[in-house]
1. State, to one decimal in nm, how far the label point of T2 lies from the label point of A162, with both points 7 Å from Cα in the Cβ direction.
2. So for segment 7-64, Kirkwood radius off the Cα pairs, Stokes-Einstein at 4 °C and 1.567 mPa s: how many µm² s⁻¹?
3. Expected output is a single nm value to one decimal: the length gained when fully extending between E70 and R153, i.e. 0.36 nm times separation in residues minus the C-alpha distance. What is it?
4. Quote the FRET efficiency, to the nearest 0.05, computed for Y104 versus T47 with a Förster distance R0 of 41 Å and r equal to the Cβ-Cβ distance.
5. Taking the highest mean first, how do the peptides 62-69, 142-149 order by number of other beta carbon atoms within 10 angstrom per residue?
6. Tell me the label-point distance for the pair S40, C175, using the 7 Å Cα-to-Cβ offset, in nm and rounded to one decimal.
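Each value in this text was obtained by applying a stated rule to the coordinates, not by laboratory testing. If you're wondering where the values come from, they're calculated on a predicted model, not measured in any experiment. Positions of Cβ are generated from backbone atoms using ideal geometry, with glycine treated the same way; all protein chains shown enter the neighbour counts.
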Amino acid sequence: MTWLVGIDEAGYGPNLGTLVQAAAAIRVDDPEECLWAKYSDTVCRATDPQAGRIIIDDSKLVHVGANKFERLQANLQLALGHLPNVDEISVGDSMLDLIAEAWYSGRAGSVSDRRSGSVPQSDDDNCPAPKLSIALVRSVVTPTPRFNQLIDRHGTKAGPLAAGVTTLLQAIVACQQRAGG
């Protein structure tokens, strides 16, 4: 099997605030297979007709229009409602930084929360769950004070980004080693 890994961030642009970086690792049988075609009944790009599918794209493309916040939230809830084989979206060592944030509500959500009702399920029963072998979903949260400390330490705003990516890559390598390749 082949591992496909995606890493992205939000909050690194000109409106600096909390930096959130996340990684997802999946295992696929055929690395040459077009996953867009294989999962076209479940996922789409932001420019495609949604028709109950999960939008997989840059958040800036999902977060558009008059109802941009509702569109982003609905898509996230739809995605969370269909994540198979993941017990928790972990924030790992970022939890202490996250707890220190004034806006933080006091608990990190897990994918299993959707089963208990705290993360709404999709109302669209016509959106089948993709059959993916998701091995890892992990995030690193870097609130502004820690972000600034990392800039001071490294002398550039690339320092916090590199620190988060390094943490995510280490988690991915550890996951691959536990899975035996």
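1. 3.0 nm
2. Rounded to a whole number, D works out at 95 µm²/s.
3. 26.1 nm is the gain from fully extending E70 to R153.
4. Efficiency, rounded to the nearest 0.05: 0.75.
5. For the peptides 62-69, 142-149, the packing ranking is 142-149, 62-69.
6. 2.8 nm
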